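Only the coordinates and a few stated rules stand behind these numbers; no lab work does. Note that the structure is predicted; figures quoted are calculated from it, not measured. Glycine also receives a Cβ, built like all others from the backbone with ideal geometry; neighbour counts cover every protein chain displayed.
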Amino acid sequence: MSAANVASALPDAVAPQRITGLPVRSAIIVLIVLAIALVVAVIVLTPWSTGLRASLVSQPTADLTQAQYNAARHYHDRLFWPAMLGYFVPIVIIAALGFTKAGAKLVVWAGSWFGGSYIARLFVGALVVVLIVQLAALPFEAWGHVVRASVGIDLRNWSAWFSDSAKSVAVGAAITWIALVVVVAGARWKPTTWWAIFSAATAILVVLGSVLLPVLIEPIFTKTTPLPDGPLRTEIMQLAVEAGAPVKTVVVASTSSKTSAVNAHVSGLGPTRRVVLDDTLLKQATPEEIKLVVAHELGHAARNDVARATLIGAIAGALVVVLIFVLLANGRVLNNVGAAAVGDPRAVPLLLALVTVITLLMTPFANAISRHIEARADLTALNLTHDPVGFVDMQRRLATANLADPTPPLIVRQLFGTHPTLPERTAMARAWAQDHGVPVPPTVQP
């Protein structure tokens with residue numbers, strides 16, 4: 001189909017499907033209820049205070065030598081632009097497609113190669129839009145790979161990097177594409193009640209995602225093996241009992257072929273919950289430091305932090321679906337971008353743009369909640385081990401091995417800061433030591 005034919009297939013004004021009356025009123029009521037539920041869940045489930053009476057603020061360079069501090073800052077200064085551009089360029093692209101008629105024209109054009117039917121526009125058009133957005137970040141991720149490789153954190157060659165990137169794009173594109181196709185087709189089938197169906201489905205899928213992440217998604221990117229029987233596993237299992245968070249599975253993730261960074265995490269819900277230790281951690285850290293890292297992760301398990309985050313995510317996901325229905329119900333926004341209804345394939349770019357922008361607005365709040373949850377897990381580690389000196393040593397090792405930014409810019413902290421900074425974490429350890437009357441961990445620099 002020529003450009004002229006594409007243009008003629010998309011007139012300046014389409015006949016929008018306006019939804020009024022009971023469906024919209026019902027959706028607004030549900031939206032208000034979900035908003036209240038989300039606020040209550042965030043307030044109740046987020047540990048806003050550690051409960052420590054003392055407050056000792058560590059200076060950014062207190063636990064790093066000047067050379068270590070300078071190296072971390074230089075590394076993150078070099079990463080700033082690839083990270084920012086890799087984050088915002090896809091957002092700008094989908095906003096340009098979704099909030100103008102350009103996206104609708106793209107969907108019509110893509111569908112025209114396969115006959116131009118409703119199915120062709122929906123399946124092919126949605127796929128093209130999703131792939132454009134997914135692939136837009138790759139040049140900047142490649143730039144970031146170069147920066148990480150130059151300091152020895154990213155150990156992959158270009159072949160391995162392309163393989164991992166292809167997997168990431170494929171998984172992200174498949175999930176997004178399926179979601180868009182199902183929602184648009186569902187909105188055509190049930191134009192006034194699709195929001196109720198898919199808000200509930202979204203909440204359920206968030207829960208299933210948490211349950212299935214360790215068995216379906218993580219194995220695509222990282223191979224794991226059970227932690228062998230031995231003193232370390234025995235100590236971890238005993239520590240888990242003391243934490244009130246018995247776990248059935250402790251696994252080691254084979255990350256040393258890809259990165260020199262060290263990490264650990266808890267993933268899964270119920271029968272799939274497990275503690276994951278990177279093999280880089282086992283190779284680089286002392287047994288005492290490993291115990292402190294595990295104690296932190298057990299703090300998450302003991303407090304059911306994955307379940308708490310999943311509940312908040314499920315409510316937020318359902319809220320986003322209902323909010324989009326309310327925003328688009330009168331048809332005016334749809335008409336402005338050249339779509340007749342949510343069930344029109346030409347609405348795909350708009351739907352993706354709305355979800356992207358809403359997610360962007362939610363991200364700083366989600367990261368703030370995450371930082372508080374991580375701080376409580378740090379407190380659990382201190383309470384379990386009674387070793388603030390070892391805790392500070394462990395945080396130094398993590399920070400230097402990962403070249404963690406001790407003083408991230410505000411925008412970086414808001415968009416990517418899921419954990420407290422090194423000065424915040426070591427300040428907690430010193431406050432804990434002061435509160436418990438034990439020696440306060442010394443600093444590297446005065």
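The table for this structure:
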{"quantity": "Whole-number percent relative contact order across the chain, with pairs defined as alpha carbons under 8 Å at least 6 apart", "calculated": "29"}
{"quantity": "Residue-wise HN-Hα coupling along segment 326-342, computed from phi with Karplus coefficients 6.51, -1.76, 1.60 (Hz; x: Gly, Pro)", "calculated": "5, 5, 9, 4, 7, x, 5, 5, 4, 4, 5, 9, x, 10, 8, 6, 4"}
{"quantity": "Value at 222 nm in deg cm²/dmol, rounded to 500, when DSSP H runs of n ≥ 4 in the chain each add -39,500 (n - 2.57)", "calculated": "-22000 deg cm²/dmol"}
{"quantity": "Within segment 57-154, chymotrypsin sites (Phe, Trp or Tyr not before Pro) in DSSP loop having at most 16 other beta-carbon neighbours inside 10 Å", "calculated": "TRP113, PHE114"}
{"quantity": "Loop-located trypsin sites (Lys or Arg not before Pro) in segment 24-83 whose Cβ has at most 16 other Cβ within 10 Å (DSSP)", "calculated": "ARG53"}
{"quantity": "Extension gain, ASN157 back to THR286 (0.36 nm per residue minus Cα-Cα distance, nm)", "calculated": "43.5 nm"}
{"quantity": "Of [x] 1.09; [y] 1.00; [z] 1.15, the label for Cα Rg over 2.2 N^0.38 Å derived from the coordinates", "calculated": "[x]"}
{"quantity": "Loop-located trypsin sites (Lys or Arg not before Pro) in segment 166-259, at most 11 other Cβ atoms within 10 Å (DSSP)", "calculated": "LYS248"}
{"quantity": "Karplus (6.51, -1.76, 1.60) ³J(HN,Hα), θ = phi - 60°, over segment 117-127, in Hz, Gly and Pro reported as x", "calculated": "6, 4, 4, 4, 4, 5, 6, 6, x, 4, 5"}
{"quantity": "Antiparallel DSSP beta bridges within the chain, percent to nearest 5", "calculated": "65"}
